[in-house]
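Reviewing the structure listed below.
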Amino acid sequence: IYDYTRFMKTYFAEWQNKPIYEISKDMIERKHRDIGARSQAQANLAMRFIRAIFNFATGQYEDSDGNPIIQDNPTKRLSQTRAWYRVERRQTVIKPNELPAFVNSVLNLPEYSMSANSTCVRDYLLLLLFTGLRREEALSLEWSNINLKEKTLTIPDPKNRKPHTLPLTDFLLKILKKRHANNFTHSAYVFPSTGIKGYMNDPRPQMRKVIEHSGVTFTPHDLRRTFITIAESLDISAYALKRLVNHKMSGDVTAGYIIDNPERLRDPMQRITDYILHQSSINQPLEHN
């Protein structure tokens, strides 16, 4: 919802009060080309959002005879004319030799950032790196979905709509226990904010501080790719890896017979954590205030 709203306000502001049936193939083609002049990846993503809206409208709205009011999806023009941009998937990760500078810069963020929420950002970035969670999954994490006693966290409504439970290593448990103890405002969110959503926005100013201090350029999704890359390098089984990052296995018959058990992921999670800490020469986590 957040991404749809952002894209509609950013790229389709002049269409907000326009009836959907007035949006033509020519308009779609021009808009795709205009956005693509700035970012081809954003142009494709924006059009995928519009395509989804039209597909919903086609199935949802009918005339008195039961026929769809929206007869055709104008984004088909992009496929028919082969206008979709060829955008290569990002492959950026934090390399093993970059981990010491990156992790230590994150740990020391409160010392060189004047922001009041620098400690919050530090813990958020560490959570991304050590769990492989998606950006919004981590930002919107609620205390009700963390079981400190059983050492687990749950994402109740992730991208694939299948609740995702992960075991917490001692490193992560120490971070979360400290955050919970310092939750003086009794916020429902692990990373609270006074904004409308109640939780922190993507903390780009503090991330730029980490980049400047460490010399390692990264995005939140790079941390997810790094987690997956490390897991694969440790020869963690394909089934366990998919469970760790909550990827669908609907096409795998055997996977359908495997019952989810977060405890079976505890050892793989610990191995990944140990690798990152060892590469970063970290023995004790979060000794900073």
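The values are calculated or read from the model by the stated rules, or taken from the named source; none is laboratory data. None of these values were measured; they are calculated from a predicted model. So basically every Cβ, Gly included, is an ideal-geometry build from the backbone, and we count neighbours across all protein chains shown. Side chains included, ligands, DNA and RNA excluded: accessible areas come from the protein's heavy atoms. Shrake-Rupley method; radii C 1.70, N 1.55, O 1.52, S 1.80 Å.
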Practice problem: Looking only at the range 206-223, count how many residues are within 17 Å of L241 (Cα to Cα) and open to solvent by 10 Å² or more (accessible area, probe 1.4 Å). | Solution: 1
Exercise. Pairs only if they're at least six apart or on different chains, beta carbon under 9 angstrom, first in the range 212-234 and in contact (Cβ under 8 Å) with a residue 40 or more places away in the chain and outside any helix (DSSP H, G or I), second open to solvent by less than 40 Å² (accessible area, probe 1.4 Å) and of a type outside the set (A, V, I, L, M); list them, first residue then second.
Key: G215/F102; G215/S105; V216/F102; V216/S105; F218/F102; F218/T226; L234/P268
Exercise. Select from the range 110-143 the residues that are open to solvent by less than 40 Å² (accessible area, probe 1.4 Å), among the acidic types (D, E) and in contact (Cβ under 8 Å) with a residue 40 or more places away in the chain and list them in ascending order.
Key: D123
Quiz item: Counting residues that are out of contact with any His (no Cβ under 8 Å at 6 or more places or on another chain) and within 30 Å of T152 (Cα to Cα), which helices (runs of 4 or more DSSP H) fully inside the range 32-141 reach at least 2?
Solution: 99-107, 118-131, 135-139
Practice problem: Give the residue that is farthest from Q71 (Cα to Cα), with candidates limited to residues of the range 9-38 that are of a type in the set (A, V, I, L, M) and either without any contact (Cβ under 8 Å) to a residue 40 or more places away in the chain or open to solvent by 70 Å² or more (accessible area, probe 1.4 Å) (or both). | Solution: A37
Quiz item: Is it true that K159 is outside any loop (DSSP other than H, G, I, E, B) and either more than 30 Å from R51 (Cβ to Cβ) or not aliphatic (A, V, I, L, M) (or both)?
Solution: no
Quiz item: Limited to the range 174-205, what total is found for residues that are without any contact (Cβ under 8 Å) to a residue 60 or more places away in the chain, closer than 21 Å to T273 by Cβ and open to solvent by 10 Å² or more (accessible area, probe 1.4 Å)?
Solution: 3
